[in-house]
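Structure record follows, encoded as structure tokens.
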Amino acid sequence: MMEENEHEIIGRGHWLSIDGAFESKTSIVIAAFAVMFGVWHILTNIWLIEPGLWQNAIHFAGFAFLASVIHSPFSGYKNTPTTLAIDIVYGLIVAASALWMAGIEDALYERTLAVTGQAWQFQALDWIAGFILIFAALDLSRRVSGWVIPILVILSLSYILFLGGYLPGVFRAASLPLNDVMFRTMFNDEGMFGILASISSTNITLFMIFGGFLVASGASDFVIELSKMVAGRIRGGAAFVAVLSSALTGTISGSAIANTASTGVITIPLMKSNGFRARFAAGVEAASSTGGQLMPPIMGAGAFVMASYTSIPYSTIVTVSIMPAVLYFLSVAFIVRIEAVKYNVGDGQDLAIDYGKLVSGGLTFILPLTVMIWLLMSGVTPSYAASWAIAALVIVSWGTWIVAKILNRANFQPILMDHRRITDAFLIGIKSSIMTGILLVAIGIMNNAIVTSGVGNGFSLMIAQWSQGSLVIAILLIALASLVLGMGLPVTAAYIILAILTAPALAGIMADGLITEQLVAGVSDPMKLAMFALVDSPHVADLATGLTPQAAGELMDAIPFEVAITLRPLMIAPEVQTVFLLTAHLIIFWLSQDSNVTPPVCLAAFTAAGIAGSKPMATGFQSWKIAKGLYIVPLMFAYTPLISGDFMQVMQIGIFALFGIYAFNALIQNYAEGPLNILFIIMLIVGAVGAFYPLHLIYNIIGAALVMAVGVLSHRRARQGAETA
């Protein structure tokens, strides 16, 4: 059955590819299962009617089986018939356990509730299946992403079982009996097969499969050729190709590392041959690929998680994310421009465009993506939109193939999505979904512990206390936490954990700022005044007439956490609360991306360094320097109506912010269109402040004018220096 050398280290990932699927009889069976599993994901989201618990249990069962076969349990694992048999049996046992737990839910209520009055008295086989699932969640998450998630899950289970009773202060929690923990872990909406698993089974996997179809249909080739056509003939064009292609590829992959690996093998050598330093070329690719996860409509699965947690429509999240994504990619483009001018590189290369790939892949990229976006904007579920986008892609590929046969032109050779290509597309999509499918179920264990124990409220209180009500300090604390978590976690996992723990605190701080303004103006509503009567502060007596800003701040500091949670809905309109919640989640999501490009662990930068042949750590610092938009744009979320304003407000903020971002980049590089002197530096600082000032047109125009003046004057200075030399 096995054709691998007995001493070969395990590496079965190639089985989930069209080239490796026919390596052996076993690989054929595994690949066939993966394809059928992908088909099931489409059917279960548009036609089959299954309870959520069953859908999520089947989802985890399939991915657990694939992960146990494809990912080795430890380094040095030998790929032999015996180890393969062990892995298959292990995967089948885990899958059977997941289905068993889904099947006993009704019986668990009926069997124990009527007899004992308690709904979670497990029998021996139930306990065995439950422990197998928890062990598998730990083991498989370790295989696909390392030790961080298993350690966090173990700590969270220990916390609600016994550890919480020994901790002081707000983190002290009552211990729960084992059967209660098992029941909540398996059957709660926050547990293994709850909300997070639903995000993976309904949305993420469908979009990963759609991405697989785009790749198999030649859409990735179209992205590269389009980028060459748009940016290839301007100064530094090769680097602009990297920026643009990574932005477009982000609509396919939603993964910074996959983005870097797929486009970097083309763009990094182009940049190096164009004269850019290897370290800079790799940094541009890593920073641009990180931005691919910020690019609507997929956004690296972040939009799906946000929509589920906030109950804000997916279409709203995608719409408000367009301008921020544009700002990020232009911030990278500005640094490319400054680098090209500063080091006099990026000229003299005419990038050859393969018009055959451009035309052939264009329709299969644009039309299905248009169908998906139109469906999303019409209000259907993301999974439904992705499913029909896949169907549209197949139909378009056949249509363009028929047209190509009729025209019979050599430069129009579209890829036909026949049975082989469709198989390849499903294999690509399912393989890329394994890690997310495993991790979101494992994180569900931790999510359940956080919700059950209430430790999330304690963490929010800690953030509020440490920041002393300062929004910028709170954002800094979250940025540090995201960096630490990102060293060992994929971006989506880091975002979910941070959102669970810190989003309420961040939204609360923003809400408290608005409440403080109301306290200064005065509060006359008797219901609101009655709520403030619960606060032990001498300033409560003066609420009706209004407080000074200092007194209002002292009163806000005196409000207990439990009272603040009840008070905010009374003081702030629901639509404003929704804006604050969305703002908090977007800030956290953007900050969670920084681990891709920030040393000491920056996997996207390390991937790019491997392609460029540059030093990994130096490349990491270069990519971090280029990706400064990850920190600038979240501050704009917090302090401007970039995502809450109307169209004209968003355009004003976004357009003038570009001047501020350019000024910031020029200051960091100490170069604009030419070298800077002290006068230029002062002008850039003042110009950046004016450009960033929200919705003050006079300041914005003055700021933009100063930045443009520095560009013109520094260019003139550089030209004069070149002439005298």
Exclusive hit being open to solvent by 10 Å² or more (accessible area, probe 1.4 Å), touching a Pro at 6+ places or on another chain (Cβ under 7 Å) and closer than 30 Å to ASN700 by Cα, set TRP590, TRP624 | TRP624
What do you reckon, is ALA479 aliphatic (A, V, I, L, M) and either modelled with pLDDT of 90 or more or within 30 Å of PHE365 (Cα to Cα) (or both)?
-> no
Filter pass, LEU676 being open to solvent by less than 70 Å² (accessible area, probe 1.4 Å), hydrophobic (A, V, I, L, M, F, W, C) and at pLDDT 95 or above | no
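Identify, from the list LEU440, LEU506, LEU427, LEU480, the residue that is under 19 Å from the mean Cα position of the chain (by Cα), closer than 22 Å to SER198 by Cα and not hydroxyl-bearing (Ser, Thr, Tyr).
LEU440
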Scanning the range 63-99 for residues that are hydroxyl-bearing (Ser, Thr, Tyr), open to solvent by 70 Å² or more (accessible area, probe 1.4 Å) and in a loop (DSSP other than H, G, I, E, B) gives SER75
What tally of residues in the range 33-53 results from selecting those that are in a helix (DSSP H, G or I), touching a helix residue (DSSP H, G or I) at 6+ places or on another chain (Cβ under 8 Å) and free of Cβ contacts under 8 Å to residues at least 60 places away in the same chain?
-> 2
Only one residue in TYR631, TYR671, TYR662, TYR639 is touching a Pro at 6+ places or on another chain (Cβ under 9 Å), open to solvent by 20 Å² or more (accessible area, probe 1.4 Å) and among the hydroxyl-bearing types (Ser, Thr, Tyr), so which one is that?
-> TYR639
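Starting from residues that are modelled with pLDDT of 85 or more and either within 20 Å of ILE515 (Cβ to Cβ) or in contact with a Gly (Cβ under 9 Å, 6 or more places away or on another chain) (or both), keep the ones in the range 467-476 and report whichever is surrounded by the fewest Cβ atoms within 10 Å (Cβ to Cβ).
Initially, the range 467-476 is screened for residues modelled with pLDDT of 85 or more, giving 470-476.
Keeping just the survivors that are either within 20 Å of ILE515 (Cβ to Cβ) or in contact with a Gly (Cβ under 9 Å, 6 or more places away or on another chain) (or both) gives 470-475.
Working: SER470: 14, LEU471: 17, VAL472: 11, ILE473: 14, ALA474: 24, ILE475: 24.
In this case the residue turns out to be VAL472.
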Would you mind stating whether SER246 is under 17 Å from SER623 (Cα atoms) and either surrounded by fewer than 24 Cβ atoms within 10 Å (Cβ to Cβ) or in contact with a helix residue (DSSP H, G or I) (Cβ under 8 Å, 6 or more places away or on another chain) (or both)?
-> yes
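Quick grid of which residues meet (1) more than 30 Å from VAL484 (Cα to Cα); (2) of a type outside the set (Gly, Ala, Ser):
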site: MET510; (1), (2): no, yes
site: LEU519; (1), (2): yes, yes
site: ALA533; (1), (2): yes, no
site: ALA541; (1), (2): yes, no
site: GLN550; (1), (2): yes, yes
site: ASP557; (1), (2): no, yes
site: VAL563; (1), (2): yes, yes
Checked the range 147-205 for anything under 30 Å from ALA385 (Cβ atoms), open to solvent by 10 Å² or more (accessible area, probe 1.4 Å) and among the hydroxyl-bearing types (Ser, Thr, Tyr); matches are SER198, THR202
Can you confirm whether the range 437-460 contains a residue that is within 24 Å of SER27 (Cα to Cα) and either in a helix (DSSP H, G or I) or of a type outside the set (A, V, I, L, M, F, W, C) (or both)?
-> yes
Qualifying position, being open to solvent by less than 50 Å² (accessible area, probe 1.4 Å), within 28 Å of the chain's Cα centre (by Cα) and closer than 19 Å to LEU53 by Cβ, among ALA102, ALA136 | ALA136
LEU570 vs. criteria open to solvent by 50 Å² or more (accessible area, probe 1.4 Å), in contact with a Lys or Arg (Cβ under 6 Å, 6 or more places away or on another chain), over 25 Å from PHE692 (Cα atoms) and not small (Gly, Ala, Ser) = yes
Looking only at the range 625-647, decide whether some residue is part of a helix (DSSP H, G or I) and over 23 Å from the mean Cα position of the chain (by Cα).
-> yes
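The values are calculated or read from the model by the stated rules, or taken from the named source; none is laboratory data. Please read these numbers as outputs of a predicted model, since none were measured by experiment. Because the Cβ atoms are built from the backbone with ideal geometry, glycine has one as well, and the counts that use them run over all protein chains shown. We work out accessible area using only protein heavy atoms, side chains counted, and drop any ligands, DNA or RNA first. Shrake-Rupley method; radii C 1.70, N 1.55, O 1.52, S 1.80 Å.
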